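The values are calculated or read from the model by the stated rules, or taken from the named source; none is laboratory data. If you're wondering where the values come from, they're calculated on a predicted model, not measured in any experiment. Every residue, glycine as well, gets a Cβ built from its backbone with ideal geometry; the counts of neighbours run over all protein chains shown.
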Amino acid sequence: MPIEFEMRGLSQLTARLTAMPNTVRGALKPFMVKATESLRQRVKQNIAERFKSTGRLYNSVKSEVTDSGTDVTGRVYTEGVDYAAAQEYGVTIHHPGSDKLQVFMAGRGEFVPSGGRGPLVFTHKTKPHPITIPERSYARLALVQERSNFQDGIRAMVSAAVSDGYAMAAE
């Protein structure tokens with residue numbers, strides 16, 4: 001289940017920019033390419049820090065920028081990792097229990113990989129029980145972390161384009 005992010009208010013911003021000089025619209029795509037890549041890198045950094053891993057989830061983070069001629073849209077998403085949303089938002093799965101023999105290595109409240117020194121545990125029957133994966137936001141956190149950079153970049157881009165427009169009009 002891929003995770004997709006959309007920047008809200010972009011259509012309102014686009015409507016306002018339509019009234020401004022073409023230089024503003026011309027600067028929007030390069031800005032969005034840079035901002036989208038910055039967001040993608042921040043998402044990957046958050047995954048590496050929160051999960052102590054640069055594995056499948058880290059490598060599944062993709063980005064793209066599309067330009068329809070009137071709208072420029074930046075998108076950061078995960079692809080091919082079915083547990084991405086469960087890690088981002090958290091989830092509770094209801095394990096149905098089992099009547100089969102289960103064997104696993106146990107530790108003292110921690111995971112012990114195969115070949116570890118924890119005791120071997122045999123269970124014959126397990127009761128139905130919930131398994132909870134806590135919310136560990138990496139993508140929404142990146143949006144919060146990059147928000148001021150995005151806002152400052154939009155302001156600077158518009159200001160520069162308007163200044164250029166005034167300078168060109170004065171010539």
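Observations on the model:
- Counting the residues of the range 95-139 that are closer than 30 Å to residue 61 by Cβ and modelled with pLDDT of 85 or more gives 10.
- For the range 58-76, the set of residues classified as in contact with a helix residue (DSSP H, G or I) (Cβ under 9 Å, 6 or more places away or on another chain), without any contact (Cβ under 8 Å) to a residue 40 or more places away in the chain and of a type outside the set (Val, Ile, Thr) consists of 58, 59, 60, 62, 63, 64, 67, listed by residue number.
- Qualifying residue in the range 142-162 (condition: modelled with pLDDT under 75 and out of contact with any strand residue (DSSP E or B) (no Cβ under 6 Å at 6 or more places or on another chain)): yes
- Hits in the range 21-49 (condition: under 14 Å from residue 136 (Cα atoms) and either at pLDDT below 95 or surrounded by 19 or more Cβ atoms within 10 Å (Cβ to Cβ) (or both)): 43, 44, 46, 47
- All positions within the range 132-152 that are surrounded by 15 or more Cβ atoms within 10 Å (Cβ to Cβ) and hydrophobic (A, V, I, L, M, F, W, C): 139, 141, 142, 143, 150
- Residue count for the range 46-78, restricted to those that are closer than 30 Å to residue 26 by Cα and not hydrophobic (A, V, I, L, M, F, W, C): 14
- Set 69, 74: member being under 25 Å from residue 32 (Cα atoms) and exposed (fewer than 12 other Cβ atoms within 10 Å of the Cβ): 69
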